[in-house]
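Peer 1: One structure, pasted below without further comment.
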Amino acid sequence: MSKKKKPAGNTPQAASKTSKVIVWIVLAIVLLVVALVLINSYTGSSSDEAKGISYENQPVFGDENAPVKIVEFGDYKCIHCQDFHDRNFPVIDQELIQTGKASFYFMNMPIINQQSNEAAHFAESVYQVLGDDVFWDFHDALYEEDLNTAFSEELFMDKLRNIVSTEEAEEVLHVYQEDGTEDAVKSDKETAADLEVKGTPTIFVNGKLFEGEDMNDLIEMVNKETQGAN
């Protein structure tokens with residue numbers, strides 16, 4: 001009698017091989033997912049925080065959750081900063097901030113003279129005591145001042161009293177006189193040094209140095225960053 005052939009089927013060896021293949025496929029998928037996560041983390045590490053820009057406890061104009069963050073390193077005694085404020089900030093406000101594309105931050109880099117440093121500390125005192133809105137009003141008032149005018153505590157207080165009550169202004173003065181802003185201004189200076197900022201005004205867009213020539217270039221850079229965030 002002829003022997004009957006055994007029906008084809010999964011032998012233990014074949015099943016073992018199949019299991020190993022499945023395990024390797026699962027491992028490959030896991031490794032791929034891990035790699036994607038690491039790549040994403042690496043990309044994030046090249047963001048603003050890694051480059052030395054921290055927006056925490058910084059005065060912000062506009063929606064802090066906007067996809068693009070514009071930072072100005074400025075000096076209240078700098079004629080080019082004053083010109084940037086007068087000519088360009090209204091355009092930034094209308095085209096980029098009011099449209100929700102960007103928020104704007106100011107960081108102190110007082111390099112002109114001692115009055116620059118005093119203005120930075122007083123403005124920082126305004127921010128710490130009275131918050132964003134009053135800070136930006138005071139910020140505008142400083143840039144409206146003739147740069148030939150000597151900055152002084154009296155001038156700062158006169159400007160602030162035009163914005164808030166005398167009592168609130170006195171609270172700011174107390175912080176200013178007690179050097180309550182020393183760490184904050186020092187931190188701004190250290191950030192500028194880390195980013196190798198050489199002069200004022202210097203602008204960063206999402207942690208990237210703006211090297212364009214005019215507002216059209218800045219708007220274009222912000223628009224590209226906005227598209228990249230979507």
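The values are calculated or read from the model by the stated rules, or taken from the named source; none is laboratory data. Just so it is clear, the structure is predicted and the values come from calculations on it, not from any experiment. Please note: Cβ atoms are built from the backbone with ideal geometry, for glycine as well, and neighbour counts cover all protein chains shown.
Peer 1: Would it be correct to say that Val222 is farther than 23 Å from Ala141 by Cβ, in contact with a strand residue (DSSP E or B) (Cβ under 6 Å, 6 or more places away or on another chain) and surrounded by 12 or more Cβ atoms within 10 Å (Cβ to Cβ)?
Peer 2: For Val222, the condition - farther than 23 Å from Ala141 by Cβ, in contact with a strand residue (DSSP E or B) (Cβ under 6 Å, 6 or more places away or on another chain) and surrounded by 12 or more Cβ atoms within 10 Å (Cβ to Cβ) - is met.
Peer 1: Oh, and also: Is at least one residue of region 192-201 of a type in the set (Asp, Glu) and farther than 23 Å from Asn88 by Cβ?
Peer 2: Yes, some residue in region 192-201 is of a type in the set (Asp, Glu) and farther than 23 Å from Asn88 by Cβ.
Peer 1: Looking at region 154-190, which of its residues are touching a His at 6+ places or on another chain (Cβ under 9 Å) and hydroxyl-bearing (Ser, Thr, Tyr)?
Peer 2: Matches in region 154-190: Tyr176, Thr181.
Peer 1: Turning to a different aspect of this structure: Does region 170-188 contain at least one residue that is of a type outside the set (Asp, Glu), surrounded by fewer than 19 Cβ atoms within 10 Å (Cβ to Cβ) and within 15 Å of Glu72 (Cα to Cα)?
Peer 2: yes
Peer 1: Taking the options Ile92, Ile112, name whichever one is buried (at least 21 other Cβ atoms within 10 Å of the Cβ), within 17 Å of Tyr143 (Cβ to Cβ) and either assigned by TED's automatic domain parsing to the domain that holds Thr202 or touching a strand residue (DSSP E or B) at 6+ places or on another chain (Cβ under 6 Å) (or both).
Peer 2: Working: Ile112 fails: buried (at least 21 other Cβ atoms within 10 Å of the Cβ).
Being buried (at least 21 other Cβ atoms within 10 Å of the Cβ), within 17 Å of Tyr143 (Cβ to Cβ) and either assigned by TED's automatic domain parsing to the domain that holds Thr202 or touching a strand residue (DSSP E or B) at 6+ places or on another chain (Cβ under 6 Å) (or both) holds for just one of Ile92, Ile112, which is Ile92.
Peer 1: Checking the conditions here, which among Lys159, Lys186 is under 23 Å from Val71 (Cβ atoms), without any contact (Cβ under 8 Å) to a residue 40 or more places away in the chain and among the basic types (Lys, Arg)? Talk me through it step by step, then tell me what you get.
Peer 2: Numbers: Lys159 fails: under 23 Å from Val71 (Cβ atoms).
It is Lys186.
Peer 1: The conditions are (1) of a type in the set (A, V, I, L, M, F, W, C); (2) without any contact (Cβ under 8 Å) to a residue 40 or more places away in the chain; (3) more than 17 Å from Val175 (Cβ to Cβ), and Val134 fails exactly one of them. Which is it?
Peer 2: Just one mismatch for Val134, condition (3).
Peer 1: When you go through (1) closer than 16 Å to Asp75 by Cα; (2) loosely packed, with under 14 Cβ neighbours inside 10 Å; (3) of a type in the set (Ser, Thr, Tyr) one by one for Ser165, which number turns out not to apply?
Peer 2: Ser165 satisfies all of (1) closer than 16 Å to Asp75 by Cα; (2) loosely packed, with under 14 Cβ neighbours inside 10 Å; (3) of a type in the set (Ser, Thr, Tyr) except (1).
Peer 1: While we're on this one: Do we find a residue being closer than 24 Å to Ile111 by Cβ and of a type in the set (S, T, N, Q) anywhere in region 172-181?
Peer 2: Yes, some residue in region 172-181 is closer than 24 Å to Ile111 by Cβ and of a type in the set (S, T, N, Q).
Peer 1: Consider Ile53 against the criteria (1) at pLDDT 95 or above; (2) in contact with a Phe, Trp or Tyr (Cβ under 7 Å, 6 or more places away or on another chain): it satisfies all of them except one. Which criterion is unmet?
Peer 2: (1)
Peer 1: Quick one: count up the residues across region 78-108 that are assigned to a loop (DSSP other than H, G, I, E, B) and more than 19 Å from the chain's Cα centre (by Cα).
Peer 2: Residues of region 78-108 assigned to a loop (DSSP other than H, G, I, E, B): 78, 98-101.
Those left that are additionally more than 19 Å from the chain's Cα centre (by Cα): 78.
Count: 1.
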